[in-house]
Amino acid sequence: MNKTKKIRKKTLVNSIKRGFRIFYNSLETPFFESSIRVSKKIKKFNKTKEDKKWMKELLTTNKVIKRFYKRPELQVLDIDNIQSIYFKSRDQINLAGLVYEPNKNSNKWVIACHWFAGHKSLALHHAMIFAKMGYNIMVFDFRGHGQSQDDSTTMGAKEKHDLMGAVDWLKENRKIDQLALMGTSMGGFVVNYCSFFYKDEFKELNLKFVVSDVAYGSVFSLFLHIRNIYLFFLPKKRTKKVIERLILKQSKQENNLNFHEVSIFHLLREYGNKELFPTLFLHSSDDKVTSSADTYELLIKRSFKEDDYLVFNFSMHTQGIRFHFKSFNYKIAEFINRFEEDDTKFKNIVDQWKLLKFDKKDQLSLLLN
């Protein structure tokens, strides 16, 4: 798929995204896979030249997972089980994705959504526990990210159309016996928002549960937290006015899109907390990008007995799976098993990944937990 002509609106969020993308690229650069090795892998796994971009991306992130995360368990080595796909969002943006099908006889699916300035391959690695629990995985690049069509990033306001486009593709091209959603940061906001706003559609698809990692509850609370961390020199009494101006300006630049409505809190106030899907919330109390207070507030306002949560004392944003690999994945596997009741798969992954045995590499996690 060729990218459509780029749209470069000079909004605050787009400017921040460009900065983050440069930063993330610099972190991945030492791990870039060579073109020669990519070509060899293409032949080995019977892929085509059209697969080169995502293959290079995935082979690079495999290295990141092994050498930087130091968690080879999260690598995707059976590349023959991956297919690249292209589809449209519900507002007709061209999107690129991957379907990973290690469980050929299973019709259980999870759609995993990446974070702001991230991309689909990292979402795939973060969702690998699902593959071990019998699921197949679909990931995709949000608009303005990865191989998808460039467009303004709106922190969930338009990205909800991307996730629902992925749902449409999966529904049309694969059999779905049951479905799960997983999202990190911006992806976490999107899966939370869509599971509420489109709940009737998800009921028909037998959505079992949602896994929300370091998500925010609203754009306003996201901006407020970033102000408290990075713009602490601003007088507190002026904070709300400053954020209001930023949101108003962003809304005007995006054709009067109302960023105050980019809020799960708004949905809960308007529609109440009925007919929710069980959600596992993961966060860290010292997250420097999104606030764990949003997670606690969502838990309180949802007041849903089937929800669960795990909040660490320390972890860099989006890196709970790296700092707390065993606790993080055990909690997700346990949550999945609550609805699957497949003790064999659960025990197998606990034993295979030694999720209850903390060796020298895990001591930092115990100290920070």
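The values are calculated or read from the model by the stated rules, or taken from the named source; none is laboratory data. It should be emphasised that the depicted structure is a prediction, and the values quoted were computed from it without experimental measurement. Counting neighbours? That spans all protein chains shown, and the Cβs are built from the backbone with ideal geometry, glycine included.
The single condition among (1) within 22 Å of Leu124 (Cβ to Cβ); (2) in contact with a strand residue (DSSP E or B) (Cβ under 9 Å, 6 or more places away or on another chain) that Lys199 does not satisfy is (1). Just to be sure, is Ser212 under 17 Å from the mean Cα position of the chain (by Cα), small (Gly, Ala, Ser), at pLDDT 95 or above and not in a helix (DSSP H, G or I)? In short, yes.
Can you confirm whether the range 312-325 contains a residue that is charged (D, E, K, R) and surrounded by fewer than 17 Cβ atoms within 10 Å (Cβ to Cβ)? For the range 312-325, residues charged (D, E, K, R) and surrounded by fewer than 17 Cβ atoms within 10 Å (Cβ to Cβ): absent. Would you call Lys171 over 23 Å from Gln92 (Cβ atoms) and not aromatic (Phe, Trp, Tyr)? Judged against the criteria, Lys171 is not a match. Note on the range 12-37: among residues that are touching a Lys or Arg at 6+ places or on another chain (Cβ under 8 Å) and surrounded by 12 or more Cβ atoms within 10 Å (Cβ to Cβ), the one that is modelled with the lowest pLDDT is Leu12. Every listed requirement among (1) surrounded by 16 or more Cβ atoms within 10 Å (Cβ to Cβ); (2) over 29 Å from Lys171 (Cβ atoms); (3) modelled with pLDDT of 90 or more; (4) among the basic types (Lys, Arg) is met by Arg227 save one, (3). Filtering the range 83-105 to residues that are closer than 24 Å to Glu340 by Cβ and either surrounded by fewer than 15 Cβ atoms within 10 Å (Cβ to Cβ) or free of Cβ contacts under 8 Å to residues at least 40 places away in the same chain (or both) leaves Tyr100, Glu101, Pro102, Asn103, Lys104, Asn105. Scanning the range 277-306 for residues that are more than 15 Å from Leu224 (Cα to Cα), hydrophobic (A, V, I, L, M, F, W, C) and surrounded by fewer than 19 Cβ atoms within 10 Å (Cβ to Cβ) returns Leu299, Ile300, Phe304.
State yes or no: is Glu33 within 27 Å of Tyr135 (Cβ to Cβ) and either polar (S, T, N, Q) or outside any loop (DSSP other than H, G, I, E, B) (or both)? Against the criterion (within 27 Å of Tyr135 (Cβ to Cβ) and either polar (S, T, N, Q) or outside any loop (DSSP other than H, G, I, E, B) (or both)), Glu33 does not qualify. Quick check, is Asp162 farther than 22 Å from Thr60 by Cα and in a helix (DSSP H, G or I)? The answer is yes for Asp162.
One residue stands out among those in the range 325-347 that are within 17 Å of Asp307 (Cβ to Cβ) and charged (D, E, K, R): the one that is farthest from the chain's Cα centre (by Cα), which is Arg338.
Looking at Tyr309, Tyr271, just one residue is exposed (fewer than 15 other Cβ atoms within 10 Å of the Cβ), among the aromatic types (Phe, Trp, Tyr) and either more than 14 Å from Ile129 (Cα to Cα) or in contact with a His (Cβ under 6 Å, 6 or more places away or on another chain) (or both), and that residue is Tyr271. Would you confirm whether any residue within the range 178-195 is over 18 Å from the mean Cα position of the chain (by Cα), in contact (Cβ under 8 Å) with a residue 40 or more places away in the chain and closer than 17 Å to Arg302 by Cα? Looking for residues that are over 18 Å from the mean Cα position of the chain (by Cα), in contact (Cβ under 8 Å) with a residue 40 or more places away in the chain and closer than 17 Å to Arg302 by Cα, one finds none in the range 178-195, hence no. Filtering the range 79-91 to residues that are hydrophobic (A, V, I, L, M, F, W, C) and either within 19 Å of His145 (Cα to Cα) or at pLDDT below 95 (or both) leaves Ile85, Phe87.
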